[in-house]
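Visitor: Sharing a structure below in structure tokens format, with a few things to ask.
Only the coordinates and a few stated rules stand behind these numbers; no lab work does. Note that the coordinates shown come from a computational prediction; the quantities given were computed from them, not determined experimentally. When we count neighbours, we look across all protein chains shown, and the Cβ atoms used for this are built from the backbone with ideal geometry, even at glycine.
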Amino acid sequence: SAAPTRPRPSPNASPAPPQLASLLVSDTRTPERDVAEAARRQHRGVLLLDVREPDEFAEVHAAGARLLPLSELTERVGEVPLDEAVLVICRSGARSAKATDYLNERGGQATNVGGGTLAWVEAGLPTSSSTTP
């Protein structure tokens, strides 16, 4: 039998820009906390950064979270206080792990929220469903 063939990339497809490519591949150990600890830290004043897209954020997000989509992080990284602790959350923890690594590679003090918004909601922690935090 013939070996399976791999799909060929479209000749019109462009590779990810280098800054975005660094978001897609990580070889560091990502610092992570569960949602209960993240909520305690947020209550003490630590910024909770949600890196999902605006429509996901509008549907439901951790109360008090600030939206900064992963797709915009490389251009807007200057909005993140790299000299302060930051908690990073997404839907399940995968995108936020990439964002956490990206921020920490630039000297940040970011921590991923394990389980993401799904775990936050499941734990019964405060949420909002508006486009503003």
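Visitor: Net charge around Glu53, counting only other residues with Cβ within less than 11 Å of its Cβ (Lys, Arg = +1; Asp, Glu = -1)?
Guide: Here the count lands on -2.
Visitor: What ratio of Cα Rg to 2.2 N^0.38 Å holds for the stretch 69-121?
Guide: Compared with the compact-globule rule of thumb, the stretch 69-121 sits at 1.06.
Visitor: Next up: State the extension gain, in nm to one decimal, for the chain segment bounded by Arg66 and Arg33, taking 0.36 nm per residue of separation less the distance between their alpha-carbons.
Guide: 10.1 nm
Visitor: Give the percent of DSSP beta bridges with both residues in the stretch 44-133 that are antiparallel, rounded to the nearest 5.
Guide: 15 percent
Visitor: Give a residue-ordered list of calculated ³J(HN,Hα) values for the stretch 79-89 (Karplus: 6.51 cos²θ - 1.76 cosθ + 1.60, θ = phi - 60°; whole Hz; x for Gly, Pro).
Guide: 3J(HN,Hα) across the stretch 79-89, in whole Hz: 7, 9, x, 6, 8, 10, 5, 9, 9, 10, 10.
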